[in-house]
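Visitor: The structure is given below, and queries will be raised subsequently.
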Amino acid sequence: MKKLIKSTLLVLAMVTSTLTVAQAQFTQAPLPYAYDALESYIDAQTMEIHYSKHHAGYVAKLNAALEAYPDAPKSINQILANITKYNTAVRNNAGGHFNHTLFWNILAPASGQTPDAFLTEAIQADFGSFENFQAELNKAASTRFGSGWAWLIVSKEGKLIICSTPNQDNPLMEDAEVKGTPILGIDVWEHAYYLKYQNKRGDYLNAIWNVINWSEVSKRHKLAKRSSKFVFETWKQLDAFHTIMDATYHPTEEGNVEPIKKELKNFVKIAESLQKEKKPEVFNTLEINEATKVLVDATKKFQKGFKKLKPEQVVAEMDVLHNHFHKVLDLCRLY
Ligand code: MN3
């Protein structure tokens, strides 16, 4: 019996330690469609090898390379924004992971969809016409020598720009020649097209326009354009909520619950005003109102149960509030 308990504990310890390690690593999200969903523009075999071998390989090598950086942030964007602090293995594989995750999401089975009105307008303003935009992106993709990516990005000033990067670099890297938020990326590595198109990169580029997920690209365009700053300037109460959250969240994380304890009443008052006071008309949608209600209810519940919470539970509860808050903020940016 004693032996059995001992071996059970050993197994439990092993499972727990595996879980701890797995949590610290990056993982590959499932492909949002079947391997053959983009036929006949991109063939199933290419998709399968690309996703399950190439992308999976970047994720595994990224996790291995990050073992040398135990304090690396959990956010891939933060790693990319400080990429010069890392070695080449992290650079190539963090880029590879981010780029392919974006790529799978901006593709979708052919459906004849087009950019939304907001993106259409921006394309016309920044490129003259959709045809010019297409020609420019095709040119960037076809003239990228060797392996790399062609991008449609939103610059810091909010303009649409086309650019390209070598290898697995991307415009989020701090040392990129042209920087901005990528909303569409075309993989021009031979592994993305060689089985079907061999050396004819141009044919692959012509075909890929049939399987662009324009609703996803349009969504990313809105998120890149409508900064949090815009939302906060428009909706003062949400800004006030954010200010308190910002001032109390980090001390709480470090085990200091005094700031949130002091602000708790005020915090709830501001949360309630999110619902009570008239919100800006642009944000007065069913979705935003529902998300706001979830946030306000959670904040009230947090205050009610606060006295019974241990410091680590305060951190966990603040995490929940933080997520609810970001749901509201993102919905405002997407309205
Ligand atoms: Mn690739």
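The values are calculated or read from the model by the stated rules, or taken from the named source; none is laboratory data. Model, not experiment: these values are computed from the prediction. For neighbour counting, all protein chains shown are included, and Cβ atoms are generated from backbone atoms with ideal geometry for every residue, glycine included. The accessibility values were calculated without ligands, DNA or RNA, using every heavy atom of the protein model including side chains. Shrake-Rupley method; radii C 1.70, N 1.55, O 1.52, S 1.80 Å.
Visitor: Would you point out which residue out of 231, 188, 211 is β-branched (Val, Ile, Thr) and at pLDDT below 95?
Guide: Checking each option against the conditions leaves just 231.
Visitor: If you go through the stretch 167-188 one residue at a time, how many are touching a residue at least 24 places away in the same chain (Cβ under 8 Å), acidic (Asp, Glu) and part of a loop (DSSP other than H, G, I, E, B)?
Guide: Of the residues in the stretch 167-188, 3 are touching a residue at least 24 places away in the same chain (Cβ under 8 Å), acidic (Asp, Glu) and part of a loop (DSSP other than H, G, I, E, B).
Quick grid of which residues meet (1) open to solvent by 50 Å² or more (accessible area, probe 1.4 Å); (2) out of contact with any Pro (no Cβ under 8 Å at 6 or more places or on another chain); (3) of a type outside the set (A, V, I, L, M, F, W, C):
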{"position": "46", "(1), (2), (3)": "no, yes, yes"}
{"position": "52", "(1), (2), (3)": "no, yes, yes"}
{"position": "71", "(1), (2), (3)": "yes, yes, yes"}
{"position": "83", "(1), (2), (3)": "no, yes, no"}
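Visitor: A further question on this structure: Among the listed residues 101, 120, which satisfies the condition of being away from the ligand (no atom under 16 Å from the Cβ) and either over 20 Å from residue 54 (Cβ atoms) or not charged (D, E, K, R) (or both)?
Guide: Of the residues listed, the single one that is away from the ligand (no atom under 16 Å from the Cβ) and either over 20 Å from residue 54 (Cβ atoms) or not charged (D, E, K, R) (or both) is 120.
Visitor: Right, here's the next one. Could you list, in sequence order, the residues of the stretch 189-219 that are open to solvent by 30 Å² or more (accessible area, probe 1.4 Å) and touching a Leu at 6+ places or on another chain (Cβ under 8 Å)?
Guide: Within the stretch 189-219, just 219 meets the criteria.
Visitor: Filtering the stretch 158-188 down to residues that are among the β-branched types (Val, Ile, Thr) and surrounded by 21 or more Cβ atoms within 10 Å (Cβ to Cβ), which residue is farthest from the ligand (Cβ to nearest atom)?
Guide: The selected residue is 183.
Visitor: What's the total number of residues in the stretch 277-321 that are surrounded by 11 or more Cβ atoms within 10 Å (Cβ to Cβ) and among the basic types (Lys, Arg)?
Guide: Here the count works out to 4.
Visitor: A further question follows. Which residues, counting only those in the stretch 142-157, are under 18 Å from residue 220 (Cα atoms) and open to solvent by 40 Å² or more (accessible area, probe 1.4 Å)?
Guide: Within the stretch 142-157, 156, 157 meet the criteria.
Visitor: Next question. Output the number of residues of the stretch 54-69 satisfying the condition of being more than 12 Å from the ligand (Cβ to nearest atom) and under 11 Å from residue 28 (Cβ atoms).
Guide: Going through the stretch 54-69, the residues more than 12 Å from the ligand (Cβ to nearest atom) turn out to be 59-69.
Still in the list and also under 11 Å from residue 28 (Cβ atoms): 59-60, 62-63.
Total meeting the criteria: 4.
Visitor: Determine if the stretch 37-53 includes at least one residue that is touching a Gly at 6+ places or on another chain (Cβ under 9 Å), modelled with pLDDT of 95 or more and part of a helix (DSSP H, G or I). Break it down stepwise before answering.
Guide: Keep residues of the stretch 37-53 that are touching a Gly at 6+ places or on another chain (Cβ under 9 Å), which gives none.
Looking through the stretch 37-53, none of the residues is touching a Gly at 6+ places or on another chain (Cβ under 9 Å), modelled with pLDDT of 95 or more and part of a helix (DSSP H, G or I).
Visitor: Any residue at all in the stretch 188-200 that is in contact with a strand residue (DSSP E or B) (Cβ under 8 Å, 6 or more places away or on another chain) and under 23 Å from residue 46 (Cα atoms)?
Guide: Checked the stretch 188-200: at least one residue is in contact with a strand residue (DSSP E or B) (Cβ under 8 Å, 6 or more places away or on another chain) and under 23 Å from residue 46 (Cα atoms).
Visitor: Among the residues that make up the stretch 97-114, is at least one of them of a type in the set (S, T, N, Q), more than 30 Å from residue 39 (Cβ to Cβ) and either open to solvent by less than 30 Å² (accessible area, probe 1.4 Å) or not in a loop (DSSP other than H, G, I, E, B) (or both)?
Guide: Among the residues of the stretch 97-114, not one is of a type in the set (S, T, N, Q), more than 30 Å from residue 39 (Cβ to Cβ) and either open to solvent by less than 30 Å² (accessible area, probe 1.4 Å) or not in a loop (DSSP other than H, G, I, E, B) (or both), which makes the answer no.
Listed here are the residues, each with its yes/no results for (1) under 25 Å from residue 229 (Cα atoms); (2) outside the structural domain of residue 55 (by TED's automatic domain parsing); (3) more than 18 Å from the chain's Cα centre (by Cα).
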site: 93; (1), (2), (3): no, no, no
site: 127; (1), (2), (3): no, yes, yes
site: 146; (1), (2), (3): no, yes, yes
site: 157; (1), (2), (3): yes, yes, yes
site: 164; (1), (2), (3): no, yes, yes
site: 169; (1), (2), (3): no, yes, no
site: 179; (1), (2), (3): yes, yes, no
